[in-house]
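Undergrad: Mind having a look at this structure? Questions to follow.
The values are calculated or read from the model by the stated rules, or taken from the named source; none is laboratory data. Just so you know, these numbers come straight off a predicted model, no measurement behind them. With ideal geometry, Cβ positions are generated from the backbone for all residues, glycine too; neighbour counts draw on all protein chains shown. All accessible areas refer to the heavy atoms of the entire protein, side chains included, with ligands and DNA or RNA removed. Shrake-Rupley method; radii C 1.70, N 1.55, O 1.52, S 1.80 Å.
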Amino acid sequence: MDVGLKRELEEKVRSGERLSREDGIALYESDDLAWLGGLAHEVRTRKNGDVVHFNVNRHLNMTNVCTASCAYCSFQRKPGEKDAYTMRIEEAVKLAKAMESDNLTELHIVNGLHPNLPWRYYPRSLRELKAALPNVSLKAFTATEIHHFETISGLSASEILDELIDAGLESLTGGGAEIFDWEVRQHIVDHRTHWEDWSRIHRLAHEKGLKTPCTMLYGHIEEPRHRVDHVLRLRELQDETNGFQVFIPLRYQHDFVDMKDGKIRNRLQARTQMATGAEALKTFAVSRLLFDNVPHVKVFWVMHGVQTAQLALQHGADDMDGSVVEYKITHDADNYGTPNKLTREDLLDLIRDAGFRPVERNTRYEIIREYDGPDPSRRDSPQPMRV
């Protein structure tokens, strides 16, 4: 990137001027990661100071049976496969209760698109989980699942959301987004929920007062221009609804080991390589710079590893996802050493070690507790890492 364009982009960012599609593509073409990280760090600091948010959550996947066979997915199983499972609601409640210790504040629920489960299973499951865990927020279902519920119930998404909210739903999850551009999407997604329905469902959720996350699956067959397009679609929807609380770049995972039956379900990996740490940090930085109207950018450490996650906090991210235990959707794919669990104390140590002040939040980004920052005698105030 020439010096003049660099200066122009710096001036835009520092004056609060919105970056364009061409600006985003130019940022991805830059090989100066230290400069990108520094610029993104300025923006995250302007928005969130020296804070890194985290929450204490658990993930619950009540079924892995799915009608879709998305090219990147190792989680899905077909009916009758050896390790396909579907929990009775009583089983799901029992498992969730076992997760309740450590002052749990959020239960994150995502499932396969089961061909035979009745619609009533889903609101009933939320109702019983909420009765068992009244102080735990239920973040449940992707827009893809809501679209599936429309098919199996005959109800509209609006009616479905009303019933789920009445049963205890506090937020949708951000999944099902992947990459919206059809040039890529037709090769990676095997269900019928694309941008038009994904955005329709999140728009409805926002109209009903829900705040939701949004995501992007990167590092597979897409190009930087597809990532820019993805973020700009979300940015435009955020202009309309102001309903997204956080943007979450998710690193595509290879099937290093598909643990139980030896099958390789990830059909992309023969022609892809996972994003490097440097590519991950660039994606966080450019996303923070483009997505000027979303307050938070989250690094999901399960998909990035803890060291890259710490560095992402220096490249635009201000949220380090919670104390997840057994995140099956990723851990059914990878075997590269990401731990199954980080405790609250682990997260506090990691955030402080990266030079930031930990703040525990709930699903709505309300502050539960603020903690002391790093020992000032050990390091200076947070600055972007130089790589």
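Okay, residues lined up against (1) over 21 Å from Arg58 (Cα atoms); (2) hydrophobic (A, V, I, L, M, F, W, C):
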residue	(1), (2)
Thr105	no, no
Leu113	no, yes
Asn135	no, no
Phe141	no, yes
Ser153	yes, no
Glu163	yes, no
Ala167	no, yes
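Undergrad: Quick check on this structure: which one of Leu138, Leu133 is under 21 Å from the mean Cα position of the chain (by Cα), farther than 26 Å from Lys78 by Cβ and open to solvent by less than 10 Å² (accessible area, probe 1.4 Å)?
TA: Leu138
Undergrad: Now for a different question. What pairs come out if I take residues in region 104-118 that are closer than 12 Å to Gly175 by Cβ and free of Cβ contacts under 8 Å to residues at least 40 places away in the same chain and pair them with residues that are open to solvent by 20 Å² or more (accessible area, probe 1.4 Å) and charged (D, E, K, R) whose C-beta lies under 6 Å away, six or more apart or interchain?
TA: none
Undergrad: Follow-up question, since we're still on this one. Within region 353-378, which residues are open to solvent by 60 Å² or more (accessible area, probe 1.4 Å), modelled with pLDDT of 85 or more and over 27 Å from Tyr252 (Cα atoms)?
TA: Passing the criteria: Arg357, Glu366, Ile367, Ile368, Arg369, Glu370, Asp372.
Undergrad: Hey, can you tell me all the residues within region 190-228 that are at pLDDT 95 or above, among the hydrophobic types (A, V, I, L, M, F, W, C) and open to solvent by 10 Å² or more (accessible area, probe 1.4 Å)?
TA: Hits for region 190-228 are Trp195, Leu204, Leu210, Leu217.
Undergrad: I'm checking my understanding of the structure. Among residues of region 73-102 that are part of a helix (DSSP H, G or I) and open to solvent by less than 30 Å² (accessible area, probe 1.4 Å), which one is farthest from Arg267 (Cα to Cα)?
TA: Filtering region 73-102 for residues that are part of a helix (DSSP H, G or I) and open to solvent by less than 30 Å² (accessible area, probe 1.4 Å), the one farthest from Arg267 (Cα to Cα) comes out as Val93.
Undergrad: Could you tell me how many of the residues in region 128-183 are assigned to a helix (DSSP H, G or I) and either modelled with pLDDT under 95 or not β-branched (Val, Ile, Thr) (or both)?
TA: So the answer is 23.
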